[in-house]
Amino acid sequence: MGIRIAGTGMFVPERILNNADLEKMVDTSDEWIISRTGIKERRIADADMATSDLAYHAARRALDMAGTAPEELDLIIVATVTPDKMFPNTACLLQAKLGAGPCMSFDIEAACSGLLYAIDVAHALLKARPSYRRALVIGGEKLSAFTDWSDRNTCVLFGDGAGAVVLAQGDDIDGDFYLASKLSADGRYADILQVPAGGSALPTSATTVAERQHYIRMGGSKTFQMAVALMANTCSELLQQTGTTTEQVRWLIPHQANERILTAVATRLNMLDRVYVNIGRYGNTSAATIGIALDEVNRAGEIKRGDLLLLTAFGGGLTWATQLLRW
Ligand SMILES: CC(C)(COP(=O)(O)OP(=O)(O)OC[C@H]1O[C@@H](n2cnc3c(N)ncnc32)[C@H](O)[C@@H]1OP(=O)(O)O)[C@@H](O)C(=O)NCCC(=O)NCCS
């Protein structure tokens, strides 16, 4: 039995927040944001739209492409740091919205590496359970709900969106899309990128709200340095381990955190001509960026069956992940 990606889908809300809008909110400028991050605009979900709603629209598109009905799903995994609620998990809420039947549904929280962690887990579950034929894997985030709109260090970076893939397993499928991966984490750096309050370590109180501790806090330059080194190094290691040259890879699809990070990683890998960059339009949508990029490349007809893709991500935890896929 083989496993392949049978469908991709993405969704971003209609509302655009551009750099001129941010100039009216904090002490920043279009020139600063573009030169330091490459971001021109990001999408912001309305108050009545939660992460499961963003995920729903991306999922519908991926399911339609795969020709899969929600009732056929055996597994749903949502990667997110911005779940609808502490519990139940967002995958269960999405399952109900899709009208899927009872099936294994859970969330994975590995920050911006979340979608790649979720693909790894979904692939392993399909292998372990041959009766599982269809899995829906989504990275979805409503980061605007956890962004401190008075903090210029972070608020210019983030946006909302979702990206989905449908994995299919069957006797009629030749080969396995998942060639190799490297996933890791180092919790010693947990503090450089976090939402401090709202969990069991620091439950919500009037003080935590007054101190704005429910919003994203980030040590920007440390994150920047580690992102470049870890993504570039794990990509090189994975290519070496699999005997693959960068020339054989059709696309490098990195997590969209900062255009300078993407350019630095692609330069080190000598893949500047094949790195997919869309951060200018969406900002950093955490677990959603790679799913969105994958769907855009796919729908643009820029990937052919058999092409190799190198996906790489880095995020809070710290977590990082790199995967080599065959389309
Ligand atoms: C956040 C980031 C864009 C900042 O760029 P930078 O070149 O590192 O800039 P610095 O942090 O050195 O800040 C330089 C100055 O710009 C200021 N600044 C920060 N945000 C600003 C903004 N939006 N507008 C204007 N000035 C800003 C800082 O206050 C600092 O001023 P100071 O020197 O007077 O203190 C960059 O560090 C980054 O992208 N880091 C990684 C973030 C990331 O990827 N996070 C998610 C990981 S998944």
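The values are calculated or read from the model by the stated rules, or taken from the named source; none is laboratory data. Just so it is clear, the model here is predicted, and its values are computed rather than measured. As a convention, Cβ positions derive from the backbone with ideal geometry for all residues, glycine included, and neighbour counts pool all protein chains shown. Please note that ligands, DNA and RNA were not included when accessible areas were found on the heavy atoms of the full protein model with its side chains. Shrake-Rupley method; radii C 1.70, N 1.55, O 1.52, S 1.80 Å.
Where the accessible area of the chain is counted over protein heavy atoms with a 1.4 Å probe, how much of it, in %, is carbon and sulfur? Mind showing how you got there, number by number?
Details: 6760 of 13570 Å².
Using a 1.4 Å probe with all protein chains present, the chain comes out at 50 percent carbon and sulfur.
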Subject >> DSSP-assigned coil residues among GluC sites (Glu not before Pro) in segment 1-43, each with at most 10 further Cβ atoms within 10 Å >> reply: GLU14
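Ignoring ligands, DNA and RNA, what accessible area per residue does the chain give at 1.4 Å, in Å²?
Numbers: 13570 Å² over 327 residues.
Accessible surface, normalised per residue, equals 42 Å².
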**OP:** Starting at the first residue of segment 270-275, write each ³J(HN,Hα) from the Karplus equation 6.51 cos²θ - 1.76 cosθ + 1.60 with θ = phi - 60°, in whole Hz, x for Gly and Pro.
**Re:** 6, 10, 4, 7, 10, 9
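Can you compute the FRET efficiency between SER131 and ARG60 using 1/(1 + (r/R0)^6), with r the Cβ-Cβ distance and R0 = 35 Å? Round to the nearest 0.05. Spell out each step's value before the answer.
Details: r = 25 Å, r/R0 = 0.71.
Approximately 0.90, to the nearest 0.05.
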Original post:
What is the distance, in nm, between label points placed 7 Å from the Cα along the Cα-to-Cβ direction at ARG15 and at ALA47?
Top reply: 0.9 nm
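Based on the Cβ-Cβ distance of ASP191 and LYS304, what FRET efficiency does E = 1/(1 + (r/R0)^6) give at R0 = 51 Å, to the nearest 0.05?
Values: r = 44 Å, r/R0 = 0.85.
So, using R0 = 51 Å, E works out to roughly 0.70.
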Original post:
Does the chain classify as rounded, prolate or oblate by the C-alpha gyration tensor (a ≥ b ≥ c root eigenvalues; a/c under 1.5 gives rounded; else a/b over b/c gives prolate, otherwise oblate)?
Top reply: oblate
**OP:** Once you have a ≥ b ≥ c as the square roots of the Cα gyration tensor eigenvalues for segment 74-124, tell me rounded if a/c is under 1.5, and otherwise prolate or oblate according to whether a/b is larger than b/c.
**Re:** oblate
Original post:
Which of rounded, prolate, oblate describes segment 2-170, given a ≥ b ≥ c as roots of the alpha-carbon gyration tensor eigenvalues and a/c under 1.5 marking rounded, otherwise prolate only if a/b is larger than b/c?
Top reply: prolate
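Cβ neighbours within 10 Å, averaged per peptide: list 76-82, 240-246 in order, most packed at the top. Please report the intermediate quantities before stating the final value.
Numbers: 76-82: 28.7, 240-246: 11.7.
So the peptides 76-82, 240-246, ranked by packing, come out 76-82, 240-246.
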Original post:
Dipole magnitude of the chain about its Cα centre, charges +1 at Lys/Arg Cβ and -1 at Asp/Glu Cβ only, in debye to the nearest 20?
Top reply: 380 debye
Original post:
Taking the Cα centre of segment 2-170 as the origin, how large is its charge dipole in debye, to the nearest 20, when only Lys and Arg (+1) and Asp and Glu (-1) carry charge on their Cβ atoms?
Top reply: 680 debye
Original post:
Could the peptides 263-274, 88-99, 158-169 be put in order, highest first, of the mean number of other beta-carbon atoms found within 10 Å of their residues?
Top reply: 158-169, 88-99, 263-274
**OP:** Treating the Cα atoms of segment 7-83 as identical point scatterers in vacuum, please give the log10 of the normalised Debye intensity I(q)/I(0) at q = 0.11, 0.15 Å⁻¹, two decimals.
**Re:** -0.44, -0.70
